[in-house]
């Protein structure tokens, strides 16, 4: 084989190897992009783009692991079913999207505002109960600020009830959400907009007791 033929063979092989490497790189990049999209879809609501229940719980677990003051809230639109029945599901979806937009306008770093299902939204973030109440009031004001007009001649009044709970030692994410849910229904019954959950003796009895740290486990 001549030197020229050998060089040509090596060149063709190098080009083929480079092409195969480029194909593999594109395949890996495409796979990673699809995985990112799948992961995003798994924890986000497709209608509003807000985090869903899974996304909220993931953030809530991070806050609980930090073992610092934190708040949780649940919010539910008032008389949404009546508006849905009157104007139709398309308008109902537009209302949900508008509410999500208004929530984004007040969101702050460290907060997680999510859509759980239907007309129910939730949130969590760092801070004490007063902070959570302030967030609930901000949500109420943003939603109540003005009615929603999906089209000319149609006006949908927006009202929302918010229940707020705060972290205490031993509380789990399930208990926090349960307490916020109870406060939210109290807010609906009282037509009061925002109500904070206040623990009772019975509630405290049902909180799991954190095991005491052994001396060697205590921070130095």
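The values are calculated or read from the model by the stated rules, or taken from the named source; none is laboratory data. These numbers come from a predicted model, not from an experiment. Ideal geometry is used to build each Cβ from the backbone, glycine not excepted, and the neighbour counts take in all protein chains shown.
Observations
Conditions (1) assigned to a loop (DSSP other than H, G, I, E, B); (2) touching a strand residue (DSSP E or B) at 6+ places or on another chain (Cβ under 9 Å); (3) farther than 14 Å from residue 47 by Cβ, marked per residue:
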site	(1), (2), (3)
72	no, yes, yes
82	no, no, yes
97	no, no, no
101	no, no, no
116	no, yes, no
121	no, yes, no
124	no, yes, yes
132	no, yes, yes
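- Residue list for the range 144-154, restricted to those being free of Cβ contacts under 8 Å to residues at least 60 places away in the same chain and surrounded by 13 or more Cβ atoms within 10 Å (Cβ to Cβ): 144, 148
- Test: residue in the range 125-141 that is in contact with a helix residue (DSSP H, G or I) (Cβ under 6 Å, 6 or more places away or on another chain), buried (at least 19 other Cβ atoms within 10 Å of the Cβ) and in the same structural domain as residue 193 (by TED's automatic domain parsing): no
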